[in-house]
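These notes concern the structure reproduced below.
The values are calculated or read from the model by the stated rules, or taken from the named source; none is laboratory data. Given the structure is predicted, the values throughout are model-derived calculations rather than measurements. Neighbour counts are summed over all protein chains in view; Cβ atoms, including those assigned to glycine, are modelled from backbone coordinates with ideal geometry. These area figures cover heavy atoms from the full protein model, side chains too; ligands, DNA and RNA do not enter into them. Shrake-Rupley method; radii C 1.70, N 1.55, O 1.52, S 1.80 Å.
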Amino acid sequence: MSRQPNVLLMLSDDMGFSDIGCYGGEIHTPNLDALAAGGLKYTQFYNTARCCPSRASLLTGLYPQQADIGHMTGDDEVDGYLGDLSLESATIAEALKAGGYSTYLSGKWHVTGHLDGPRHNWPCQRGFDDFYGILTGAANYYQPRTLMRNNEPIEPEGDDYFLTDAIGSEAVRQIRQHVEARPGQPFFQYVAFTAPHWPLHAHSEDIERYQGRFDAGWDRLREERYARMVQLGLIDPRWPLTERDPRVCAWDQAGFKEWQARRMEVYAAQVDRMDQNVGRIMEALRVTDQWENTLIFFLSDNGGCAEELGPNMGAWATDHARVGIQMTRDHWEVRYGNVPAVLPGDENTYQSCGIPWANVQNTPFRLYKHWVHEGGIATPLIAHWPSGIAARGEWRQQPAQLPDIMATFLDVAGVPYPATCGSRRVQPLEGFSMIPTFTDRPHGRDVLYWEHEGHRAVRKGRWKLVCKYPGTWELYDMEADRTETTNLIDRHPALAADLAALHDQWARRCGVLPWAELEERRKSMG
């Protein structure tokens, strides 16, 4: 390349592996599908199973515990679990800014627990020139809390305010203003949507598009998705579709079918609206002549979310991390929790998809956000760069994970990974550049590691060793059985022991603490 490319990183929130159209889903995502058709689709890219750890790893090129976000943004008062992005790390924005890039963020931050200050880990203090979005995680789409413009708290503006649209609009503004003010200078932009994370809020016209689409129920829809994924070449037909979650009854036996289907209709509408805003950002790149030389990555922070919101959700949402509200803009009381008598979608509701639909979202895998079986960590990854990636619409099978994104961005930009940021020492980068995979060559990463809430996994080549806490290790052949249906640990005890030793060595090096020890620490802290 004669000049550095722009780099655009787009992240969805709590979106399942097979939700978007080009990965087998029935949700209307023409803009993401177009990116995939014009670029690459990765079949074995992995996140870290949860929002905060994934974002910390993504932003820094480190593993979550190295970035001090080993769990969430609460402070456990022990290294690796301070809930505040490590100052011994460099963000992608900090590294690229040192290499001559302007840097922008529109959307969700969620890597610090300091919401009122100090500001050392707010976006503008960690390398971003311009920030619009929220500091926290889950947010009411109509009245998001902790909304910021740069370092100043702001309130949502306008009667038609909707967070997904605002994130898209601000991203478009940043691109246009950058090109006008800094022609010829490359930019890095991080667009972190909150969609489709609960609460289930969506525009009525988007919900109407999916009316009746999910009436066939979760059993048939999982089978239909599975068939499409096989047809697309995304999954191997040797891999069986996992069984329905045992906590979920057959659709034929389910009650409140209208409410159940509505939950997925609203979820689909959320993904649809996100895709519409992806389209607006794509158009902004085109009209500003940035399209050809912009590398775009799109992925999700974890697998589909099975969390069911109970009747105490209202107290949690209004007290915990300031994520909720009591009244709508029209002074209606917000009704919290998954109550079948209340159809989700409107501003005065606050619900989630729950277990049965998360099982669909992660087709063909099992388990969800939190866990490190494939349903929790597998994400779609689309890479698009017209002037830098010659392939169009091809699958890439090479396994990779979040630290590799920073390594890739620095590689394409020709910017070295820093040893220091100002006076701060920076830990060594853990990622491997994915540029070789652009031409379908081998990736430099040999082993992949995970740990979250005691759930552990390590993958080397075709073998994955995984544990659902507090259970024991399971061993799967990912070439023959990526859906993790046949545990082979009794057949290969020596192999399992070798992989377990690799994981133990990694955990010691990266400061991973036993989950039971952390739980005891929390109890002692009150």
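As a length-normalised measure over Cα pairs under 8 Å and 6 or more apart, the relative contact order of segment 6-164 settles at 12 percent.
Using only side-chain charges placed at the Cβ, +1 for Lys and Arg and -1 for Asp and Glu, the dipole size of the chain relative to its Cα centre rounds to 1060 debye. Just the Cα atoms of segment 126-205, one point each, no solvent: what log10 I(q)/I(0) does Debye give at q = 0.12, 0.20 Å⁻¹? Results for segment 126-205 at q = 0.12, 0.20 Å⁻¹ read -0.38, -0.95. Taking Lys and Arg as +1 and Asp and Glu as -1, the other residues whose beta-carbon sits under 11 Å from that of His120 total +2.
Name the trypsin sites (Lys or Arg not before Pro) in segment 386-447 that are in a loop by DSSP and that have at most 12 other C-beta atoms within 10 Å, would you? Display every interim value, and only then the final one.
Working: sites: Arg392, Arg396, Arg424, Arg425, Arg445; in loops: Arg392, Arg445.
Here the sparse-neighbourhood loop sites are Arg392.
Only alpha carbons enter this Debye calculation for segment 417-480, each as an equal point scatterer, and the log10 of I(q)/I(0) it gives at q = 0.14, 0.16, 0.27 Å⁻¹ is -0.65, -0.76, -1.08.
Mean sequence separation of contacting Cα pairs (under 8 Å, at least six apart), scaled by the length of the chain, corresponds to a relative contact order of 23 percent.
Just the ratio, please: alpha-carbon radius of gyration of segment 348-427 over 2.2 N^0.38 Å, N its number of residues. It would help to have the intermediate numbers written out before the result.
Working: Rg = 18.5 Å, N = 80, 2.2 N^0.38 = 11.6 Å.
Compactness ratio reported: 1.59.
Quick one: net charge around Pro30, please, counting Lys, Arg +1 and Asp, Glu -1 for every other residue with C-beta under 10 Å from its C-beta. Mind showing how you got there, number by number?
Values: positive: none; negative: Asp33, Asp272, Asp275.
Around Pro30, the charge tally is -3.
When DSSP beta bridges are restricted to pairs lying wholly in the chain, around 50% turn out antiparallel. Partner lysines whose Cα lies under 26 Å from the Cα of Lys97, excluding those fewer than 8 positions away in the same chain, are identified as Lys108. If R0 is 35 Å, the Cβ-Cβ spacing of Ser204 and Glu243 corresponds to a FRET efficiency of close to 0.45.
Treating r as the C-beta distance of Ala390 and Asp446 and R0 as 35 Å, the FRET efficiency rounds to 0.85. Electrostatic bookkeeping for Ala419 treats Lys and Arg as +1 and Asp and Glu as -1; over the other residues with beta carbon under 12 Å from its beta carbon, the sum is +1.
For the peptides 85-92, 181-188, residues were scored by their other Cβ atoms within 10 Å and the scores averaged per peptide; the highest-first order is 85-92, 181-188. Working from Cα pairs under 8 Å separated by at least six residues, relative contact order for segment 209-349 is 23 percent.
Label-to-label distance, Thr439 versus Arg521, with points set 7 angstrom from Cα along the beta-carbon direction: 4.6 nm. Per-residue packing, averaged as other Cβ atoms within 10 Å, sorts the ranges 10-18, 215-223, 513-521 into the order 10-18, 215-223, 513-521, beginning with the highest.
Ordering Tyr336, Gln143, Thr472 by Cα displacement along the dipole of the chain toward the positive end leaves Thr472 in first place; charges were set at the Cβ atoms of Lys, Arg (+1) and Asp, Glu (-1). If you bin all the Cα-Cα distances of segment 241-357 at 10 Å, starting from zero, the percentages per bin are 11, 31, 30, 19, 9, 1.
Heavy atoms only, probe 1.4 angstrom, no DNA, RNA or ligands counted: give me Ser54, Ser433 ranked by accessible area, highest first. Spell out each step's value before the answer.
Numbers: Ser54 5, Ser433 30 Å².
I get Ser433, Ser54, largest accessible area first.
Projecting the Cα atoms of Pro186, Thr48, His452 onto the charge dipole of the chain (Cβ charges, centred on the Cα centre) puts Pro186 farthest toward the positive pole. A Förster distance of 45 Å, applied to the separation of the beta-carbon atoms of Tyr161 and Ala501, puts the FRET efficiency at 0.30.
For segment 171-328, what does the alpha-carbon gyration tensor say about shape, rounded, prolate or oblate, given a ≥ b ≥ c as the root eigenvalues, a/c under 1.5 as rounded, and a/b over b/c as prolate? Oblate is the answer for segment 171-328, as a/c is 1.5 or above yet b/c matches or exceeds a/b.
The value obtained for segment 277-412, namely the Cα convex hull volume divided by the number of residues, is 184 Å³ per residue. In terms of overall dimensions, segment 6-49 has a Cα radius of gyration and Dmax of 11.0, 31 angstrom. Once the gyration tensor of the Cα atoms in the chain is diagonalised, the equivalent ellipsoid follows with semi-axes of 30, 29, 25 Å, ordered largest first.
Which order, highest average first, do 142-148, 466-472, 399-405 follow once you tally other Cβ atoms within 10 Å for each residue and take the mean per peptide?
Values: 142-148: 19.9, 466-472: 15.4, 399-405: 25.4.
Descending packing order for the listed peptides: 399-405, 142-148, 466-472.
Dimensions of segment 219-310 based on its C-alpha atoms, expressed as ranges along the principal axes with the largest first, amount to 54, 37, 20 Å. Taking the protein heavy atoms of segment 420-510 in the context of the full set of protein chains, the accessible area attributed to carbon and sulfur is 52 percent at 1.4 Å.
When ligands, DNA and RNA are left out and all protein chains stay put, how many square angstrom of accessible area per residue does the chain have with a 1.4 Å probe? Write out the running numbers ahead of the final one.
Working: 19050 Å² over 526 residues.
Dividing the accessible area of the chain by its residue count gives 36 Å².
Of Val415, Tyr81, Asn348, which is farthest on the positive side of the dipole of the chain, counting Cα position, with +1 on Lys and Arg Cβ, -1 on Asp and Glu Cβ, and the Cα centre as origin? Positive-end residue among those listed: Val415.
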